[in-house]
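Here is the structure we will look at, set down as structure tokens.
The values are calculated or read from the model by the stated rules, or taken from the named source; none is laboratory data. Computed from a predicted structure; not experimentally measured. Virtual Cβ from ideal backbone geometry, glycine too; neighbours counted across all protein chains shown.
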Amino acid sequence: MNRREALKNMLAFIPLGAAFTGITAIGFRFITPKKRDLTRRIFTMHLEELPLNSSRKITDLRGKDLVLVRTGEFEVKAMSTVCTHLGCTVYWEKEQQEFYCPCHQGRFDKDGNVISGPPPAPLETYHTEIEGDNIFIYFKEKEG
Ligand code: FES
């Protein structure tokens, strides 16, 4: 085999090597256990248990407190009660239609956005769904 043939043979293996590398990478992607988010839809209560503009405290699957607020005929908000400033508990103020943190006078609107005070971020929110007379909340969990 002369130099020219040797070079030709080497070049013939480059696409084969690249294809093998790609297949191996894809294989590892499927084989490697990966943590993924699981979303669970959980029934919480019936609409008649939560009158318009009222709130109810519940506990999520991880033991964290949430507050449900009925802001419309078929609209329910769900947020963490943990203030994003220093972790005090926030309360729903029915008359103001706001969440209030008494520790440093932080205020959040009905969507959990900061209105005033020192909180640096919105309240953690949860997706809700009303189906018939049932209120569901979507909780995220990590698997793996
Ligand atoms: S802990 Fe809520 S405003 Fe400071």
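Looking at the range 68-100, which of the residues that are polar (S, T, N, Q) and in a strand (DSSP E or B) is farthest from Glu131 (Cα to Cα)?
To start, the set of residues in the range 68-100 that are polar (S, T, N, Q) comprises 71, 80-81, 84, 89, 96-97.
Filter once more, keeping what is in a strand (DSSP E or B): 71, 80, 89.
Details: Thr71: 16, Ser80: 22, Thr89: 29 Å.
Here the answer is Thr89.
Being of a type in the set (A, V, I, L, M, F, W, C), exposed (fewer than 15 other Cβ atoms within 10 Å of the Cβ), within 18 Å of the chain's Cα centre (by Cα) and at pLDDT 95 or above, is that true of even one residue in the range 107-120?
Quick first cut of the range 107-120, residues of a type in the set (A, V, I, L, M, F, W, C) only: 108, 114-115.
After this cut, where a residue has to be exposed (fewer than 15 other Cβ atoms within 10 Å of the Cβ) as well, the list is 115.
Checking the rest, the ones that are also within 18 Å of the chain's Cα centre (by Cα) come to none.
No: zero hits.
Is the range 63-77 home to any residue that is on the phi < 0 side of the Ramachandran plot, crowded, with 16+ Cβ neighbours inside 10 Å and touching a Pro at 6+ places or on another chain (Cβ under 9 Å)?
The answer is yes, given that some residue of the range 63-77 is on the phi < 0 side of the Ramachandran plot, crowded, with 16+ Cβ neighbours inside 10 Å and touching a Pro at 6+ places or on another chain (Cβ under 9 Å).
Checking the conditions here, which among Cys103, Cys88, Cys83 is crowded, with 18+ Cβ neighbours inside 10 Å and either out of contact with any Lys or Arg (no Cβ under 8 Å at 6 or more places or on another chain) or outside the structural domain of Phe43 (by TED's automatic domain parsing) (or both)?
Values: Cys103 fails: crowded, with 18+ Cβ neighbours inside 10 Å; Cys88 fails: crowded, with 18+ Cβ neighbours inside 10 Å.
So the residue among Cys103, Cys88, Cys83 that is crowded, with 18+ Cβ neighbours inside 10 Å and either out of contact with any Lys or Arg (no Cβ under 8 Å at 6 or more places or on another chain) or outside the structural domain of Phe43 (by TED's automatic domain parsing) (or both) is Cys83.
Could you grab the pairs with beta carbons closer than 6 Å, sequence gap of 6+ or different chains, first residue in the range 107-120 and within 21 Å of Glu75 (Cα to Cα), second one modelled with pLDDT under 95 and not in a strand (DSSP E or B)?
As it stands, the answer is Lys110/Gln97, since those pairs meet every condition given.
For the range 41-61, what are the residues that are in a loop (DSSP other than H, G, I, E, B) and without any contact (Cβ under 8 Å) to a residue 24 or more places away in the chain? Let's see the steps before the verdict.
Restricting attention to the range 41-61, the residues satisfying the condition of being in a loop (DSSP other than H, G, I, E, B) are 50-54, 60-61.
Scanning the range 41-61 gives Pro51, Leu52.
Among the residues of the range 44-75, write down those that are of a type outside the set (Asp, Glu) and within 17 Å of the chain's Cα centre (by Cα). I'd like the intermediate steps shown before the answer.
At the first step, the residues of the range 44-75 found to be of a type outside the set (Asp, Glu) are 44-47, 50-59, 61-64, 66-72, 74.
Those that are of a type outside the set (Asp, Glu) and within 17 Å of the chain's Cα centre (by Cα): Thr59, Leu61, Arg62, Gly63, Lys64, Leu66, Val67, Leu68.
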